[in-house]
Amino acid sequence: MLQYSIKRILMAIPVVMFISFIVFYIIQLPPGDYVSSYSAQMTAAGEVMTQADMDQMRANLGLDRPVYEQYAIWIKKIVFYGDFGYSFNYNKPVMDVVKQYMGLTLVVSLVTMAFQYIVAIPIGIYTAVKQYSAGDYFFSGISFLGMATPNFLLAIILMYLSYTWFGDPLLGLFSSEYVNAPWSMAKMMDLLKHLVIPVIVIGLASTADLIRVMRGQMLDELNKPNVITARSKGLSETKILFKYPTRAALNPIVSTFGWSLSSIFTGSTITAIVLNLPIQGPVMYKALLGQDMYLAGSWLLFMSLLTVLGTLISDILLAWLDPKIRTEFRGN
Amino acid sequence: MTTQTAQAAQAAKDERPLLSVQDLKIRIQMENGVMHAVDGVDFEIKKGKTLGLVGESGCGKSLTSRAIIGINPKECETTGTIGYDSADAADSELNLLSLDPKGKRIRSIRGRKIAMIFQEPMTAFSPMYTIGNQIMEAIRTHRTKNKKEAKKIALEMLGKVGISDQEKRFDQYPHEFSGGMRQRAMISMALSCNPELLIADEPTTALDVTIQAQVLELMQSLQREFGMAILLVTHDLGIIAEMCDEVAVMYLGKIVEQAPVKELFYNPKHPYTKGLLKSMPRLGGEKSVRLDSIEGSVPMPIDMPPMCGFYERCKDRIEGVCNVNAVPKTDISDQHTVRCFLYTDRPEGESP
């Protein structure tokens, strides 16, 4: 098991390196660079940048060198100094921008993920056990709606409802009096209150999806002969349900764990813009628009790292859950 | 001969049957009508004896065997009586069918008094847990809550079914066992609570022939040791001949012929039984001669008019009799019954 985990981690390293190069290359692809978008901004503001000014700026920022050289410098700094470069937009090191948003981004993502699994798994089990009951139709209907409704629309509807019912659209993650306040119980409660809408909006589609997957898996498992065997041994229905079909149905859910983390990250951008959330989505969006290449590159790199990490975690979890896979590495 | 029958009659009087199924009917609501999957089945199993239930796929034999412990899906609407008479006073003269299939009462019978083994030991075990875990589960449900004691019993049972190196095997998963080993483990699980009746639903169908013989032999020796009765569901007449005291031949949800095993093999009455026996390969038979087969296939028992289910395929059918009346049960002797108009005194039959 340990050997397998180490092997998987080592295998992840070249994958991440490869991704980092692709990411850097793609960010370079669109015509123009930060300097040209900056000069456009300046022009709009009434100032004129000469070609010489622009060349000077490019040289300062190292943007006049070939792509591979820029990449090599960037990676070298990351590996040796933990320096991810400089964000032109924010005028501070990328790490500072990342630090500023990473905490809340993780909070929103992890809470959303927990929400998904906590809601979807029990409902999936319920709808499978009571297949074709009124409850099954109700939840299936809701989950189809959830899959079909665009996030931003739902965000607007919930904001409206929250405003008409509670007199507060619950924009952002904190009420204004808490934004700059130190952490306290009251701030925590305020955060939780503000998390309700984003979590529902961001998580609904994948929750709905997970419900369908869990239901399908459970229906498969409920009719397996091992359930009949368990019944013939005289076990109670509840014990059978949780020990056999539920346990087996969790495997495919666990194996998708890796993607769901990064899909929450990327999927939340529009919602975050609509709800004015101080998380990474809008930051990334702005960085891409402004060709703030080191910031965008670092975020993309973090996201791909998360995907790789998520896949790794789900592989290890799956190996731990599924005895067949476990035997396979014992064989190796 | 006469003394033998007299003795048998005496023995029958002494011993009430362990299980007596009367007028068992299982109906399943389908989209195009009601399927009479099991249609009025009666049989008895005596303590320590083996009854073979033989028939083609889809004739209702598995449903019948599962109905006894109430583990059919809820779509199966089951009526009739299943009398069970345990040696335990607490469980004597029960009608298993009247118990709530999810209730405690029937669960205390399942696994403890009546255990079951299945056709496919690979799928009948869950791939997620060790063999030991799954065997211990039955023991801990019925015999002892103590984990150590349960493990001891489980190891002992694994030894009894001829699995060596039990300690290691105990912690292995089903996929690490061979097919024959899995079925042995299945048997050890079923017998771990010392049941009075073992229902074996095609226990050797998924195994290859040499392993088949070993498993059957094992079942026989364990039957002698534990003194349990066996209901053996199979489509293999060879296994019936080897294992059973009595045989019931099922066709289309009905038992068409029932007799002691020798009687059935040497004096078959129903055209279906005769056909089955003729379709068995024999040692020393001509290779060039094709085996007899029964023409046609089993019809779906949906909205069947009162008639013999075998009518379409029967060589000896009587037009105007077999296809217009329900077939009554006829006694050939006091242990041999058949459902066929060829043997009724009134060929007109009885109205249903």
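Laboratory data are not the source of any read-out in this text; all were calculated from the coordinates shown. What you are looking at is a predicted structure, and each value in this text was computed from that prediction instead of being measured. In this analysis, Cβ positions are derived from the backbone assuming ideal geometry, glycine residues included, and neighbour counts consider all displayed protein chains.
When both bridge partners sit in chain B, DSSP labels roughly 65% of those beta bridges antiparallel. Around the amide H of A:K92, modelled in the peptide plane, lie the amide H atoms of A:S87, all under 5 Å away and 5 or more residues distant in sequence or on another chain.
Partner chain Cβ atoms within 10 Å, averaged over the residues of A:260-269 - can you pull that number for me? Can you show the working numbers first?
Details: counts 0, 0, 0, 0, 0, 0, 0, 0, 0, 0.
Across A:260-269, the average partner-chain Cβ count within 10 Å equals 0.
Classify chain A as rounded, prolate or oblate, taking a ≥ b ≥ c as the square roots of the eigenvalues of its Cα gyration tensor: rounded when a/c is under 1.5, otherwise prolate if a/b is larger than b/c and oblate if not. Taking the square roots of the gyration eigenvalues as a ≥ b ≥ c, chain A is oblate. Dipole of chain B computed with +1 at Lys/Arg Cβ and -1 at Asp/Glu Cβ about the Cα centre; of B:S126, B:L18, B:F43, farthest Cα towards the positive end is B:S126. A Stokes-Einstein calculation at 25 °C with viscosity 0.890 mPa s, built on the Kirkwood radius of the range A:32-83 over Cα pairs, returns a diffusion coefficient of 199 µm²/s.
Near B:D39, the amide H atoms lying under 5 Å from its own belong to B:I26, B:K254; only residues 5 or more places off or on other chains count, and H is placed 1.01 Å from N. Taken one residue at a time, the phi angles of the range A:274-287 give Karplus couplings (6.51, -1.76, 1.60, θ = phi - 60°) of 4, 8, 6, 8, x, 10, 5, x, x, 4, 4, 4, 5, 4 Hz. Gly and Pro are set to x. Which of rounded, prolate or oblate describes the range B:294-334 when judged by the alpha-carbon gyration tensor and an a/c cut-off of 1.5? Because a/c hits 1.5 or more and a/b exceeds b/c, the range B:294-334 counts as prolate. Each 10 Å bin from 0 upward holds the following percent of the Cα-Cα pairs of the protein assembly as shown: 3, 12, 17, 17, 14, 11, 9, 8, 6, 3, 1, 0, 0. Only Lys, Arg, Asp and Glu carry charge here, each on its Cβ (+1 for the first two, -1 for the last two); on that basis the range A:97-331 has a dipole of about 740 debye about its Cα centre.
Coupling constants for the range B:49-60 follow from the phi torsions by the Karplus curve (6.51 cos²θ - 1.76 cosθ + 1.60, θ = phi - 60°), and in residue order they are 9, 10, 10, x, 10, 10, x, 6, 4, x, 8, x Hz; glycine and proline get x. For the range B:212-264, the Kirkwood hydrodynamic radius from C-alpha pairs, put into Stokes-Einstein at 37 °C and a viscosity of 0.692 mPa s, yields a diffusion coefficient of 272 µm² per second. Just tell me how shielded A:220-230 is by partners: mean number of partner chain Cβ atoms within 10 Å of each residue's Cβ, no decimals. Taking the mean over all residues of the peptide, I get 6. Working note: Karplus 6.51/-1.76/1.60 with θ = phi - 60° gives the range B:159-176 the couplings x, 4, 8, x, 9, 8, 6, 4, 4, 6, 4, 4, 9, 9, 9, x, 6, 8 Hz, where Gly and Pro are set to x.
Considering only DSSP beta bridges whose two residues both sit in the protein assembly as shown, what percent are antiparallel, to the nearest 5?
Values: 35 of 54 bridges.
Within the protein assembly as shown, antiparallel bridges account for around 65 percent of the total.
For B:M250, the residues whose amide H sits under 5 Å from its own are B:V54, B:G55, B:V256, ignoring neighbours fewer than 5 places away on the same chain, with H placed 1.01 Å from N. Its Cα centre serving as origin, chain B has a Cβ charge dipole (Lys and Arg +1, Asp and Glu -1) of approximately 1100 debye.
Size check on chain B: the Cα extents along the three principal axes, sorted descending, read 67, 54, 51 Å.
Shape call for the range B:55-165 from the C-alpha gyration tensor, a ≥ b ≥ c root eigenvalues: rounded (a/c under 1.5), prolate (a/b greater than b/c) or oblate? It comes out oblate by the Cα gyration axes.
The trypsin sites (Lys or Arg not before Pro) found in the range B:298-337 that occupy coil by DSSP, while having at most 11 further C-beta atoms within 10 Å, are B:K315. Computed from label points 7 Å out along Cα-Cβ, the spacing between A:V48 and A:T164 is 5.6 nm. Seen from a random direction on average, the alpha-carbon convex hull of the range A:68-226 projects onto 15.9 square nanometres.
Averaged over the residues of peptide A:315-327, the number of Cβ atoms from other protein chains lying within 10 Å of each residue's Cβ is 2. A helix-only calculation puts chain A at -26000 deg cm²/dmol for mean residue ellipticity at 222 nm, using -39500 (n - 2.57) for each DSSP H run of at least four residues, averaged over all residues.
If you keep only loop residues by DSSP, which GluC sites (Glu not before Pro) in the range B:252-351 have at most 12 other Cβ atoms within 10 Å of their Cβ? If you can, show how the numbers build up before the last one.
Numbers: sites: B:E257, B:E263, B:E286, B:E295, B:E312, B:E319, B:E348, B:E350; in loops: B:E286, B:E295, B:E319, B:E348.
For GluC sites (Glu not before Pro) across the range B:252-351 that sit outside H, G, I, E and B with at most 12 neighbouring Cβ atoms in 10 Å, the list reads B:E286, B:E295, B:E319, B:E348.
For the range B:6-107, which trypsin sites (Lys or Arg not before Pro) are both in a DSSP coil and crowded by at most 13 other Cβ atoms within 10 Å? Each step should come with its number before you reach the end.
On the way: sites: B:K13, B:K25, B:R27, B:K46, B:K47, B:K49, B:K61, B:R66, B:K74, B:K102, B:K104, B:R105, B:R107; in loops: B:K46, B:K47, B:K49, B:K74, B:K102.
Answer by residue number: B:K74, B:K102.
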